[in-house]
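The values are calculated or read from the model by the stated rules, or taken from the named source; none is laboratory data. All values reported here derive from a predicted model rather than from experimental measurement. Backbone-built Cβ (ideal geometry, glycine too); neighbour counts: all protein chains shown. Side chains included, ligands, DNA and RNA excluded: accessible areas come from the protein's heavy atoms. Shrake-Rupley method; radii C 1.70, N 1.55, O 1.52, S 1.80 Å.
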Amino acid sequence: MRYVVIGASAAGINAIKTVRELRKDDEIVLISKDKDIYSRCILYHHLKGIRNLEQLCFVELDFIEKYRVDWKKGRAVIHVDSETQRITLDDNSVVPYDRLLIASGSHSFFPPIQGLKEAKNVVGFRDFEDVLAIERVLPTVEHIVVMGGGLVGIDVIAGLLPHKKDVMLVEMGDRMLPIQLDAVSAKTYQDAFEKEGVKQFYGTGIASLKMEGERVVGVILQDGTELPCDLLICCAGVRSNVEFLENSGILCDRFGLIYDAHGKTNKENVYGAGDVSGKSPIWPVAVKEGIIAAYNMCGIEKSLDDFFASKSTMNFLGIPTLSLGKTYGYDDTYQVEMSQDEKGNYKKIIHKDGVIHGALLQGDLSYAGILTQLIREKIDVSKVKKPLFDIDYSDFFHITDNFEFTYEKREN
């Protein structure tokens, strides 16, 4: 049996590990544009100067040899024939498969701003090549504009701080990290980055570019503000790498590849996992999707029944923050509890009908374990006669025969 995996990041690599554990002697082929295995989550550590490429690797350095993988590195897939089960690469070589996992990830999205894609000093931040491109020009630039204040954009800014440049953030939302954080926790970071000299512009986007030849020398915001710019780093979102699936018969929607909770696509023997779905799964979700797909590729049925993994952790400027579950987009039928002490430690819990749906922690993360369990298991906390921020595991000491958590009042 030949297992072919497209993509050498979280989903693909963890799928390979799982397949090898389940199928000791079968053939595994890895195809990737990447020539190295590295974590995209910590690319900014290289920019910051605290990790080299080897230290960005999230597997054993002898991973390929240990797991006996035929790695076609630096190669792109240009077509998948799902009927004959053959893949064509950009060097026109053909790779047949018995089982295929598409974990090709995503690429930086460049908004439709005139001149943006053609400009010589505009770069994304998705691959190691992007990091190298930024590092090459850093000695010659002064004014750097980062488009997008999500996790990737803030990663970039954190990586740029040691270089003492004039860094400017432009974010369409009303705050930093608008998906992960609320106004209170976002402001903590905004104030901290402001102290580091980062200029921030919220509720506006880049309307146009000021060009000199093929280079951007300034950006004009939607509110008319003009900013100088020697380097523009685009972190305005990502798009799935699914172009090679055109005419393959493998279904995609406007986000990316379509696959079910088993990782199965609409075509027999073709599976998907990770960012290629366009649903922006964070690292833990991509890892789990890769593992689940691998099991099913090997004929062992497993289902991704834990989509909770919407957990984002971050630690910028020494301020740890954790976002769990549903932290935005809730209506007034939900109740919100908030707490902030004199040290700035912030807690927020979103709950409804006795079930906690989301939480934010900033500063002190010691409550993260119990909150994760409460959200994941949808445990009813309505009978716990104490503040939500004081709940601990001892409050759920009784388990029924069908393994439901219930609360029983303790006798004094």
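Per-structure values
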| read-out | value |
| --- | --- |
| Test for Phe201: is it modelled with pLDDT of 95 or more, among the aromatic types (Phe, Trp, Tyr), open to solvent by 40 Å² or more (accessible area, probe 1.4 Å) and not in a loop (DSSP other than H, G, I, E, B) | yes |
| Residue within region 43-62 that is under 19 Å from Ser104 (Cα atoms), modelled with pLDDT of 95 or more, touching a strand residue (DSSP E or B) at 6+ places or on another chain (Cβ under 8 Å) and open to solvent by less than 60 Å² (accessible area, probe 1.4 Å) present | no |
| Pairs where the first residue, in region 267-278, is farther than 13 Å from Ser9 by Cβ and the second is among the small types (Gly, Ala, Ser) and assigned to a helix (DSSP H, G or I), C-beta under 8 Å, 6+ apart | Tyr271/Ala293; Gly272/Ala293 |
| Yes/no for Ser93 being over 30 Å from Ala183 (Cβ atoms), open to solvent by 10 Å² or more (accessible area, probe 1.4 Å) and of a type in the set (S, T, N, Q) | yes |
| Residue in region 28-49 that is charged (D, E, K, R), free of Cβ contacts under 8 Å to residues at least 60 places away in the same chain and farther than 24 Å from Phe244 by Cα present | no |
| Hits in region 237-248 (condition: open to solvent by 40 Å² or more (accessible area, probe 1.4 Å) and part of a loop (DSSP other than H, G, I, E, B)) | Glu246, Asn247 |
| Of residues in region 136-188 being in contact with a Cys (Cβ under 7 Å, 6 or more places away or on another chain) and of a type in the set (A, V, I, L, M, F, W, C), the one modelled with the lowest pLDDT | Val152 |
| Some residue of region 22-33 being at pLDDT 95 or above and assigned to a helix (DSSP H, G or I) | yes |
| Hits in region 341-358 - residues which are closer than 20 Å to Ser312 by Cβ and either surrounded by 14 or more Cβ atoms within 10 Å (Cβ to Cβ) or modelled with pLDDT of 95 or more (or both) | Asn345, Tyr346, Lys347, Lys348, Ile349, Ile350, His351, Ile356, His357, Gly358 |
| Boolean, Tyr334 is aromatic (Phe, Trp, Tyr), over 30 Å from Val29 (Cβ atoms) and open to solvent by less than 50 Å² (accessible area, probe 1.4 Å) | yes |
| Filter pass, Asp191 being assigned to a loop (DSSP other than H, G, I, E, B), farther than 27 Å from Tyr38 by Cα and modelled with pLDDT of 95 or more | no |
| Hey, Lys302 over 21 Å from Leu177 (Cα atoms), modelled with pLDDT of 90 or more and assigned to a loop (DSSP other than H, G, I, E, B) or not | yes |
| Residues of region 64-76 classified as hydrophobic (A, V, I, L, M, F, W, C) and surrounded by fewer than 18 Cβ atoms within 10 Å (Cβ to Cβ), total | 1 |
| Number of positions in region 251-299 that are assigned to a helix (DSSP H, G or I), modelled with pLDDT of 95 or more and among the hydrophobic types (A, V, I, L, M, F, W, C) | 6 |
| Count of region 55-82 residues which are under 16 Å from Ile13 (Cβ atoms) and assigned to a helix (DSSP H, G or I) | 5 |
| Among (1) in contact with a strand residue (DSSP E or B) (Cβ under 8 Å, 6 or more places away or on another chain); (2) within 21 Å of Val238 (Cβ to Cβ); (3) assigned to a loop (DSSP other than H, G, I, E, B); (4) open to solvent by 70 Å² or more (accessible area, probe 1.4 Å) - the single one Glu118 does not satisfy | (1) |
| Options Gly173, Gly218, Gly224; residue that is assigned to a loop (DSSP other than H, G, I, E, B) and either open to solvent by less than 50 Å² (accessible area, probe 1.4 Å) or within 27 Å of Leu361 (Cα to Cα) (or both) | Gly173 |
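Residue-wise test of (1) under 20 Å from the mean Cα position of the chain (by Cα); (2) buried (at least 23 other Cβ atoms within 10 Å of the Cβ).
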position	(1), (2)
Ser82	no, no
Arg86	no, no
Arg99	no, yes
Asp127	yes, no
Val137	no, no
